[in-house]
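Heads up, the thing below is written out as structure tokens.
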Amino acid sequence: MNQLKVVPIIKPLYNGPMPKEHPVKSDSRPVNPERAIDQKLVEKAQQGDKKAFGILVEKYNKKLTRLLSRMVRDQSEIEDIVQDSFIKAYRAINNFRGDSAFYTWLYRIGINTAKNHLVSLGRRPKAMDSVEIEDIENFEDGHELRNLETPETSMMTNEIVTTVNETIEMLPDDLRQAITLREMDGLSYDEIAAIMECPIGTVRSRIFRAREAISEKLKPLVEATSKRW
Amino acid sequence: MSEKISSLFDNEIEQESLDKEVSALSAKSAVQRNWKYYQVVRDVLQNNYSSSPDLSARIMEAIDKEPTQMGAIRPKQNTASALVLPVMPWKIAAYTLGVFAAIGIFTMNIPTTSNGSTVQLVQEDIPAEFMEKHFATTALNGNYFIKAQFQVND
């Protein structure tokens, strides 16, 4: 089956070298913020807050699905393995001490669950040479996930991608530039502030306003997608 | 939805706001919905978006049926009141009787496995704080369970 290749219309805005000096220093931020946030959510889950664990599920379920689709091809099997992995992670959450990042720990559980699943079916697990644990943190492969799409979901994907791109095109220049520098170029707020020559608070506000504008347009589409699942 | 949640999404939150914003994220459904939209925007712009499969609802339904994990909570010790209040003789007598009664009931009801080995209930009393937390945080109002840990003495 031919798969539609979805490519964002918006191109990265900044290809030059990173600025060496930032207008505002933000020393009060955690050294590894993502890990610090995940750790907080884990601690809440350890104290009985299931919704905190839900945030981690929301955050990592697609990424785990993409990773495991390299080992298992059948979609329903992948879904079962992903679900089992999260349940195992939840059951063992009190043993998580934060020695590694939460997602590294979760992905190890996922890979072991997939291997055990394949072995139980008498199948040999596919080699995961291309996805070593140290690569997992940066693992992103949307194409793997799109291979799992049906024609219906593929149409919905295109609709959502088009909506996001069109909304970004209609944003005021400063908002568009801020959100693209952040999401496509992956720049920090400090770096964006240096490029846009504005205070970091302004960057924060512009990115927030851009997201709110896009979210408003996305709401009905994403809700419709969720109901189908 | 505040700017701070957007900053949290970008891992650009200040250390002092971290607790507050993470708490807001786990407590408010509206914040969680917007977080989801933010994730969609990111996935689209990084060419990682796909409408399928979003398993989070299905996974959380399964998680809701799991016993709530509460390993990090320690029961509060009210040591101050224990030190200040005088211990009356009748209280000592009532306490001693209560202990003997509890031991009697407990020893008559020690569960055993099929091979005759003893099963010991490690955590036998559940503090009210655990229960409150459990009922307050169950995501989908599903069945409520408290995890009981069993240790088999062979």
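The values are calculated or read from the model by the stated rules, or taken from the named source; none is laboratory data. Remember, it's a predicted structure, so these values are computed and weren't measured experimentally. Note: ideal-geometry Cβ built from the backbone for every residue, glycine included; neighbour counts use all protein chains shown.
Only residues that are part of a loop (DSSP other than H, G, I, E, B), more than 9 Å from chain B (Cβ to nearest Cβ) and in contact with a helix residue (DSSP H, G or I) (Cβ under 9 Å, 6 or more places away or on another chain) were counted in segment A:180-229, giving 4. Picking from residues in segment A:75-114 that are in a helix (DSSP H, G or I) and in contact (Cβ under 8 Å) with a residue 60 or more places away in the chain, the one that is farthest from B:Pro67 (Cα to Cα) is A:Gln75.
A:Tyr90 fulfils the conditions (1) farther than 20 Å from A:Gly54 by Cβ; (2) modelled with pLDDT of 95 or more except for a single criterion, (1). Every residue in segment B:15-31 that is surrounded by 18 or more Cβ atoms within 10 Å (Cβ to Cβ) and within 8 Å of chain A (Cβ to nearest Cβ), please. Within segment B:15-31, B:Leu18, B:Val22, B:Leu25, B:Ser26 qualify.
One residue stands out in segment A:131-170 among those that are facing chain B (nearest Cβ under 7 Å) and at pLDDT 85 or above: the one that is farthest from A:Arg70 (Cα to Cα), namely A:Val164.
Criterion first (modelled with pLDDT of 90 or more, buried (at least 17 other Cβ atoms within 10 Å of the Cβ) and within 7 Å of chain A (Cβ to nearest Cβ)) does B:Leu45 satisfy it? In short, yes.
The residue that is farthest from the chain's Cα centre (by Cα), among those in segment A:181-204 that are hydroxyl-bearing (Ser, Thr, Tyr) and within 20 Å of A:Glu34 (Cα to Cα), is A:Tyr189.
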